[in-house]
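Taking it in order: structure first as structure tokens, then the write-up.
The values are calculated or read from the model by the stated rules, or taken from the named source; none is laboratory data. None of these values were measured; they are calculated from a predicted model. As a convention, Cβ positions derive from the backbone with ideal geometry for all residues, glycine included, and neighbour counts pool all protein chains shown. In case anyone asks, the SASA skips ligands and DNA or RNA and just uses the protein heavy atoms, side chains included. Shrake-Rupley method; radii C 1.70, N 1.55, O 1.52, S 1.80 Å.
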Amino acid sequence: MGRRVTPRGPFGSSCVRRSQWAPVRVKPEMSSFAWMARGPLAGLARLSAAIPCIMFVVLVLVAGSGVRAQTVAPAHGAAAAAKTDSAEKTPDKMIVEADELVQNNDANTVAASGNVRIYYQGKTLQADKVIYNKTTKRLFAEGHAKLTEKDGTVVYGDRFDLTDNFRDGFVDSLRAETKQQTHFSAPRAERTSGAGPDNETTVYERGTYTACALCKEDPSRPPLWQVRAKRIIHKKQEQMVYFEDAYLEFLGVPLAYVPFYSTPDPDVTRKSGILSPTELYRSALGYGVGLPVFFNLAPNYDLTLTPTVFTSQGFFGAGEFRQRFENGMYYIKASGIDETDPSVFANPPYGSSNRRFRGDVQTKGDFDLNEEWKFGWDIIALSDKYYLQDFAVHSPTTSANYFSESISTIYLTGQGQRSYFDLRGYYIEGLSAQDIQTQQPVVHPVLDYNHTFDIDPAKSNGIGGQLEFDFNFTSISATTASFQSVGAQTLDSAYGLYNVCNTYLPGKTPGTSCLLRSIGGDYNRATAQLTYQRKYIDPLGEVWTPFAFVHVNAEDLSLNTTNSHTFSNGGSSSTILNSSQNAFVSQGASGYVTPALGLEYRYPILATTSFASIIFEPIVQVIARPSDQIGTQSMLNIDSQSLVFDNSNLFDWNKYSGYDQFETGTRSNYGAQLSMNFKNGGYASFVAGQSAQLAGKNSYATADAANVGLSSGLDTRRSDYVAGATVAPASFISFAANSRFDVDTLEPRRIDVVTNLHIGSFNGGIQFARYTAQPLIGYNVTREGLSLNGKYDFMKNYFVKGNVTFDMSRQFYPIALTGDIESGSFPIAAMGLGAGYVDGCTTFSVTYTSVYQNNGTGTLNRNQTYLLSLELKTLGDSRFSQADATPAPSTVDGIK
């Protein structure tokens, strides 16, 4: 068997370890042999046994190890003796401690008794009595016999029969405990050594092996699991453990048998061999079993090949190469299949029945060029967008569930004490049926740079303060424009998958207006901002921060107005018109400048009570900018579409999420925050406020190509109210919430609530979110959801867990759901159940998950997964997964 990280074998393992009979280096400080007697007769023992003791030592050291023996030098000659020992570099020295030492000249033996300890080559032998036979050159230890290896392994036995160098011999009623808390036992074991210090073999007759702790009250009681074999052979040089006629027992009951089984020894972390099998079942693939083979090519690189056979689709191959350097690492993974029956998959665009050969290549690297600079990549290439999901191939570049995409990137980053540099390129591949690949932008590249300077007042005529420079450059390209209807979504007539428009015109009228989500063409934009601010604290403790900045934006837009994208299924057809982009944005070069002056006021008020320390802080900001940008703007908005106004950005000078849009006019942000630190360790913080457009054009009320800003809560002269709270009054509970309320009616427009509980053996959480409809920006119905999760540990090692997510938005759909997914105001979108057992040597779990997902055909699929997992410490883990997707019985307009 082999091992990448943990050892594996037929019992679902992948083990690798190092021999418990590890070689040790001779410690140079053990330059002489010493014998010490202890106890009431210590003085007499020293006098009467001195000569036999010295003879015993001479015999052991000369006959046993061929090393020149030395007697203990007198005190005045100790330094000279030590110097002589050091000069001659004697490699093997022994120290014996005992209460009594007796020499039998007739039997030619030397016996040590009473708390015997023998120290030799880093090993320690302890027993009530040890007899050395000078004729056979063997040691016999009995009575609480115990041998401690240099690597920490401890061997117990009723009787030890060893050579005088501890390398060969027999042990009766053996029980061995390694430093990894693994245990061997056998009625009798034999250890033999070959040429070389590491060439040792230990054979356990009728032995057992386990990683479970033995019962302290009754060590003979069977552990939770153990491997029992006719013979267990541990070969130190090979770093392998072999089992012959082996059974896997649980609580002493045999459950599995293999005639022969091998695994790396407990210490080894990497070893070539076969890893644990992988199992998978899916209706389109059949049953699949893979057998990973690990090749430990060198200490810093390895290769894993995993051939898999599916009963319905044939041979599936996968491989991974990994290499690590002093300053980083990289890997390359690839997999593929020549399908036996592609027809079981859906026809395009719902599936990939038109492809026979399918596969992927993935690579990731991360390197530290020096302490400040890092270079890396994370790239994936796919045969088709359904491959990863169809064959359960994991990729760190993908996101799942309702939004599924793969993002490849290459990057260079630098981090200084007051500066930051980030250069990245992106390639995005949509993985759902609704995605049109020609609409996905290629980013080549995006550059972010930031540098903050502290101005020394002594060197600036008392000016002082802080200067910050921020720069962004973005370059993207796409072939086809992406449009979305305002209000109810209009889908193509061919497949009912893709967003199209009845009328390709910008505006705010549902049914007759469109949003331009991304362009077909080339877009380059550079944005720079220089900011100065200085903080003043007056004698009353009020904090005044005047600031000024200049924001510069330059862009060049070249639209592809000739190409169009047509969908046709042989009957109906729909077309996305690239030429319609001209109605939304202006081509060519454009740019603008926005200067600003502002002032921020804060007045922290501190108070101390019997239960908490309190800080209350009112905050007011005023930012004055021109009514409009100085210059021209294309009205394109790509990176600023995720505008969410809440307490987290209440006091931001510009609340847009990106660089394509920027605030105009004079605006004031005002509110207050309160923080409390309780004396029991708890805390609470609250923030609330509002923003107001004091003068000039409100940019949030001015529609751009994507209508961003409309329905945001900032598009009125006085904004909606926002508030947030984080409360943890005690260690067992925490609560966080943020919300936005209508400025006129105080109706909640946006609510996010998260609560976590930790009460005894129970851990749980509640999350609720509700966002009212925003048809002007494409969200035609209210979005509402509730998620519950919990885990309960009981009976010390057992647990149960569960989670459920309710998609409460369905009650707002224009057509009601029917069948097994209709459940009133709380329809289940996802759920999971699980139970298991965990201790120091075993982890066992059974889980079930059910998730409703849009399959791209206008219906919901119910994806169910059953997972059985068993992990045995040092032996490895085994998992069996069965997944299936069945259509939910209804089709809903608006769920797409």
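Determine whether Thr545 is in a strand (DSSP E or B) and open to solvent by less than 60 Å² (accessible area, probe 1.4 Å).
yes
Checking Tyr119 against (1) at pLDDT 85 or above; (2) open to solvent by less than 50 Å² (accessible area, probe 1.4 Å); (3) among the hydroxyl-bearing types (Ser, Thr, Tyr), which single condition isn't satisfied?
In the conditions (1) at pLDDT 85 or above; (2) open to solvent by less than 50 Å² (accessible area, probe 1.4 Å); (3) among the hydroxyl-bearing types (Ser, Thr, Tyr), Tyr119 misses (2) alone.
Tell me, which residue of segment 552-576 that is of a type in the set (S, T, N, Q) and in a strand (DSSP E or B) is nearest to Asp470 (Cα to Cα)?
Selected residue: Asn553.
Taking segment 122-137, which residues are out of contact with any strand residue (DSSP E or B) (no Cβ under 6 Å at 6 or more places or on another chain) and open to solvent by 40 Å² or more (accessible area, probe 1.4 Å)?
Hits for segment 122-137 are Thr135, Thr136, Lys137.
Of these, Gln587, Gln621, Gln633, which one is under 30 Å from Tyr536 (Cα atoms) and among the polar types (S, T, N, Q)?
Gln621
Pairs, please: C-beta under 6 Å, at least 6 apart or cross-chain, first residue free of Cβ contacts under 8 Å to residues at least 12 places away in the same chain and in segment 486-504, second open to solvent by 10 Å² or more (accessible area, probe 1.4 Å)?
What qualifies is Thr503/Thr512.
Just need a number here: residues in segment 220-244 that are part of a strand (DSSP E or B), within 25 Å of Asn199 (Cα to Cα) and open to solvent by less than 60 Å² (accessible area, probe 1.4 Å).
Looking only at that region, the number is 10.
Select from segment 877-892 the residues that are in a strand (DSSP E or B) and among the β-branched types (Val, Ile, Thr) and write down the one among them that is modelled with the lowest pLDDT.
Thr891
When you go through (1) under 30 Å from Val620 (Cβ atoms); (2) without any contact (Cβ under 8 Å) to a residue 60 or more places away in the chain; (3) among the acidic types (Asp, Glu) one by one for Asp522, which number turns out not to apply?
(1)
Can you pull out every residue in segment 702-733 that is modelled with pLDDT of 95 or more, surrounded by fewer than 19 Cβ atoms within 10 Å (Cβ to Cβ) and either among the polar types (S, T, N, Q) or under 22 Å from Pro626 (Cα atoms) (or both)?
Of everything in segment 702-733, those that are modelled with pLDDT of 95 or more, surrounded by fewer than 19 Cβ atoms within 10 Å (Cβ to Cβ) and either among the polar types (S, T, N, Q) or under 22 Å from Pro626 (Cα atoms) (or both) turn out to be Thr716, Arg717, Arg718, Thr726.
Quick one: Arg602 ticks every box in (1) open to solvent by less than 60 Å² (accessible area, probe 1.4 Å); (2) farther than 26 Å from Leu447 by Cβ; (3) modelled with pLDDT under 95 bar one, so which box is it?
(3)
So Ile428 clears everything in (1) free of Cβ contacts under 8 Å to residues at least 24 places away in the same chain; (2) open to solvent by 40 Å² or more (accessible area, probe 1.4 Å) except one condition, right? Which one?
It is condition (2) that Ile428 fails.
Could you list, in sequence order, all residues of segment 532-591 that are aromatic (Phe, Trp, Tyr) and modelled with pLDDT under 90?
Result: Phe567, single match.
Spot the failing condition for Val344; the list is (1) in contact with a strand residue (DSSP E or B) (Cβ under 7 Å, 6 or more places away or on another chain); (2) open to solvent by 60 Å² or more (accessible area, probe 1.4 Å); (3) aliphatic (A, V, I, L, M), and only one is missed.
In the conditions (1) in contact with a strand residue (DSSP E or B) (Cβ under 7 Å, 6 or more places away or on another chain); (2) open to solvent by 60 Å² or more (accessible area, probe 1.4 Å); (3) aliphatic (A, V, I, L, M), Val344 misses (1) alone.
Of all residues in segment 642-662 being among the aliphatic types (A, V, I, L, M) and touching a strand residue (DSSP E or B) at 6+ places or on another chain (Cβ under 6 Å), which is least open to solvent (accessible area, probe 1.4 Å)?
Ranking the candidates gives Leu650 first.
What pairs come out if I take residues in segment 252-263 that are in contact (Cβ under 8 Å) with a residue 60 or more places away in the chain and pair them with residues that are open to solvent by 90 Å² or more (accessible area, probe 1.4 Å) whose C-beta lies under 7 Å away, six or more apart or interchain?
Within 7 Å, the pairs are Ala256/Tyr247.
Hey, can you tell me all the residues within segment 513-553 that are over 30 Å from Val585 (Cβ atoms) and among the charged types (D, E, K, R)?
Passing the criteria: Arg534, Lys535, Asp538, Glu542.
Given the conditions (1) surrounded by fewer than 18 Cβ atoms within 10 Å (Cβ to Cβ); (2) touching an Asp or Glu at 6+ places or on another chain (Cβ under 8 Å), and given that Met635 satisfies all but one, which numbered condition is not satisfied?
(1)
Of all residues in segment 365-404, which are over 19 Å from the mean Cα position of the chain (by Cα), open to solvent by 30 Å² or more (accessible area, probe 1.4 Å) and among the acidic types (Asp, Glu)?
The answer is Asp368, Glu371, Glu372, Asp390.
Are any residues in segment 748-790 free of Cβ contacts under 8 Å to residues at least 12 places away in the same chain and open to solvent by 70 Å² or more (accessible area, probe 1.4 Å), and if so, which ones?
Correct list: Tyr779 only.
Looking only at segment 147-194, count every residue that is farther than 23 Å from Tyr119 by Cβ and not in a strand (DSSP E or B) and tell me the total.
Within segment 147-194, residues that are farther than 23 Å from Tyr119 by Cβ and not in a strand (DSSP E or B) number 4.
Would you check if Ser460 is buried (at least 16 other Cβ atoms within 10 Å of the Cβ) and among the polar types (S, T, N, Q)?
It is false that Ser460 is buried (at least 16 other Cβ atoms within 10 Å of the Cβ) and among the polar types (S, T, N, Q).
Might you check whether a residue that is part of a strand (DSSP E or B) and over 25 Å from Asp435 (Cβ atoms) occurs anywhere in segment 340-363?
No.
I need the full set of residues from segment 152-169 which are touching a Gly at 6+ places or on another chain (Cβ under 9 Å) and not β-branched (Val, Ile, Thr), in order please.
Across segment 152-169, the qualifying residues are Asp158, Arg159, Phe160, Asp161, Leu162, Asp164, Asn165.
If Ala284 satisfies all but one of (1) out of contact with any strand residue (DSSP E or B) (no Cβ under 7 Å at 6 or more places or on another chain); (2) under 21 Å from Ala229 (Cβ atoms), what's the number of the condition it fails?
It fails just one condition, (2).
Does Arg175 satisfy being touching an Asp or Glu at 6+ places or on another chain (Cβ under 9 Å) and buried (at least 16 other Cβ atoms within 10 Å of the Cβ)?
In short, no.
Of the numbered conditions (1) among the hydrophobic types (A, V, I, L, M, F, W, C); (2) more than 18 Å from Val622 (Cα to Cα); (3) surrounded by 20 or more Cβ atoms within 10 Å (Cβ to Cβ), Ala554 fails exactly one; give the number of that condition.
Only one criterion in (1) among the hydrophobic types (A, V, I, L, M, F, W, C); (2) more than 18 Å from Val622 (Cα to Cα); (3) surrounded by 20 or more Cβ atoms within 10 Å (Cβ to Cβ) is unmet by Ala554, namely (3).
Condition check: open to solvent by less than 50 Å² (accessible area, probe 1.4 Å), at pLDDT below 95 and closer than 28 Å to Arg517 by Cα. Does Gly665 satisfy that?
Taking the combined requirement at face value, the residue does not satisfy it.
Among the residues of segment 505-528, write down those that are assigned to a loop (DSSP other than H, G, I, E, B) and surrounded by 21 or more Cβ atoms within 10 Å (Cβ to Cβ).
Ile519, Gly520
Looking at segment 688-701 only, could you name the residues that are outside any helix (DSSP H, G or I), hydrophobic (A, V, I, L, M, F, W, C) and either more than 16 Å from Ile619 (Cβ to Cβ) or open to solvent by 20 Å² or more (accessible area, probe 1.4 Å) (or both)?
Ala688, Leu694, Ala695
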